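Chemist: Starting off with a structure, shown below.
The values are calculated or read from the model by the stated rules, or taken from the named source; none is laboratory data. Please read all numbers here as calculations on a predicted model, not as lab measurements. FYI the Cβ positions are ideal-geometry reconstructions off the backbone, even for glycines, and counts take in every protein chain you see. These accessible areas exclude ligands, DNA and RNA; they are computed on the full protein's heavy atoms, side chains included. Shrake-Rupley method; radii C 1.70, N 1.55, O 1.52, S 1.80 Å.
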Amino acid sequence: MRTIPFFALSALVLAACGGEAAPPVADRGTQAGTAVLVTDTTVIDAFEAAGVAAPVRSATLSTKLMATVVAVEVHEGDRVAAGDLLVRLDARDLAARREQVDAALAEATAVLGDAEVQAGRIRALYADSAATKAQLDQAETGLARATAAVATARGMAAELAATASYAEVRAPFAGIVTRRFVDPGSFAAPGSPLVSVEDPSRLRVSVSAAPDAVRGLRSGSTVTATIGDSTVPAVVEGVVPSGGNLYTINALVPNSDGRFLSGSAATLALPHGTRRAILVPSGAIGRQGELTGVEVVAAGQSSLRWVKPGRSAGGMVEILSGLAPGDSVLVIAERS
């Protein structure tokens with residue numbers, strides 16, 4: 001029998017019966033179902049490593065200014081687009097400095113214009129031997145100083161503009177506001193958190209495992225991730241040593257529809273060989289409290305048998321004990 005991943009077994013209901021389902025059989029209760037022959041199947045064995053599903057992109061935003069918070073434009077849970085204004089700080093002192101810098105730049109520009117005219121005049125006189133070399137050198141030095149003064153003033157203006165940009169804290173990417181640390185009137189210090197934003201459209205599942213469990217895994221490999229009750233494929237981002245004879249495996253899971261919540265417990269199934277397993281369709285499983293059972297069909301009649309279930313995926317459930325190859329179980333569509 002061919003080897004198939006445990007998470008891709010939804011088509012085994014008929015295959016387990018040799019290609020055809022048996023006629024309907026009456027259950028002991030009021031339901032009816034179809035008898036399915038139980039066989040053992042070769043599945044990919046996997047080591048399940050537990051971790052957490054966290055957003056690939058998240059940021060806690062702060063400022064380089066020491067100023068009062070004027071406005072907070074968002075609340076926790078709000079969706080924002082890249083570039084949206086989140087927090088505005090009081091920047092009136094920067095406006096006053098801007099006037100000073102603009103005045104200094106205007107003065108330096110005027111001095112530079114005068115120095116250029118003076119240097120041009122002395123150059124012409126020197127060419128006619130009407131000015132000395134010392135006068136020419138003095139004019140050229142004055143021009144160089146005036147040019148440097150304009151460059152300095154422009155640098156101060158650019159620095160002030162960059163500093164003023166920290167008065168408006170904007171979203172670095174589209175996402176959801178997960179934390180609001182300040183309110184209007186609060187005092188913001190350099191580096192203090194203001195707002196946290198995360199992008200839940202792609203999650204990273206990080207787990208740790210021993211070297212034997214990660215052997216053969218490479219960046220770009222596909223593994224199975226389980227987040228909550230859902231099983232989805234995940235692409236390995238990287239496998240790196242994490243100390244203590246352990247490796248960290250990071251795998252990416254698309255989440256554009258937001259079906260998974262960031263911070264959810266997650267597992268990665270790391271394949272390492274194959275094994276034989278008994279699988280039954282999920283429609284064959286019935287539960288009474290903490291007990292799990294199946295209806296075993298023999299001679300056209302069904303009887304309840306308690307079993308120990310294992311992992312489930314793709315509409316199939318692994319049975320660890322209670323069934324043997326050759327048994328027939330009743331599959332009830334209402335349970336699927």
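Chemist: Could you tell me which numbered condition Gly283 fails, if it satisfies all but one of (1) under 30 Å from Ala174 (Cα atoms); (2) surrounded by 13 or more Cβ atoms within 10 Å (Cβ to Cβ)?
Modeler: (1)
Chemist: Looking only at region 239-273, count how many residues are open to solvent by less than 30 Å² (accessible area, probe 1.4 Å), farther than 17 Å from Pro211 by Cβ and among the β-branched types (Val, Ile, Thr).
Modeler: Residues that pass the stated criteria total 1.
Chemist: Can you name the residue in region 71-87 that is in a strand (DSSP E or B) and surrounded by fewer than 17 Cβ atoms within 10 Å (Cβ to Cβ) and, of all such residues, is farthest from the chain's Cα centre (by Cα)?
Modeler: Ala71
Chemist: Quick check on Ala213: is it at pLDDT below 95, open to solvent by 30 Å² or more (accessible area, probe 1.4 Å) and closer than 21 Å to Arg311 by Cα?
Modeler: Criteria not met by Ala213.
Chemist: Something else now. Residue check: is Ala158 on the phi < 0 side of the Ramachandran plot, without any contact (Cβ under 8 Å) to a residue 40 or more places away in the chain and of a type in the set (A, V, I, L, M)?
Modeler: Taking the combined requirement at face value, the residue satisfies it.
Chemist: For region 286-299, how many residues are under 18 Å from Ala313 (Cα atoms) and open to solvent by 10 Å² or more (accessible area, probe 1.4 Å)?
Modeler: 3
Chemist: Here's something else I'd like to know. In region 92-116, what count of residues is obtained for those that are farther than 30 Å from Glu140 by Cβ and open to solvent by less than 30 Å² (accessible area, probe 1.4 Å)?
Modeler: 1
Rundown of residues vs (1) open to solvent by 70 Å² or more (accessible area, probe 1.4 Å); (2) at pLDDT below 95; (3) of a type in the set (Asp, Glu); (4) within 21 Å of Ala81 (Cα to Cα), yes/no style:
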| residue | (1), (2), (3), (4) |
| --- | --- |
| Lys133 | yes, yes, no, no |
| Ala158 | no, yes, no, no |
| Glu168 | yes, yes, yes, yes |
| Arg180 | no, no, no, yes |
| Pro193 | no, no, no, yes |
| Ser196 | no, no, no, yes |
| Asp199 | no, no, yes, yes |
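Chemist: Which of the residues spanning region 117-131 are touching a Gly at 6+ places or on another chain (Cβ under 9 Å) and open to solvent by 70 Å² or more (accessible area, probe 1.4 Å)?
Modeler: Answer for region 117-131, where residues must be touching a Gly at 6+ places or on another chain (Cβ under 9 Å) and open to solvent by 70 Å² or more (accessible area, probe 1.4 Å): just Gln118.
Chemist: Of the residues that make up region 262-278, is at least one at pLDDT below 90, of a type in the set (A, V, I, L, M, F, W, C), touching a Leu at 6+ places or on another chain (Cβ under 6 Å) and closer than 22 Å to Ala313 by Cβ?
Modeler: yes
Chemist: Continuing with the same structure: What residue, among those in region 300-336 that are within 42 Å of the chain's Cα centre (by Cα) and among the acidic types (Asp, Glu), is surrounded by the fewest Cβ atoms within 10 Å (Cβ to Cβ)?
Modeler: Among those that are within 42 Å of the chain's Cα centre (by Cα) and among the acidic types (Asp, Glu), it is Glu334.
Chemist: Please note which strands (runs of 3 or more DSSP E) are completely contained in region 259-336 and include at least 1 residues that are among the charged types (D, E, K, R).
Modeler: Fully inside region 259-336 and qualifying: 264-281, 286-288, 291-298, 301-306, 308-313, 316-321.
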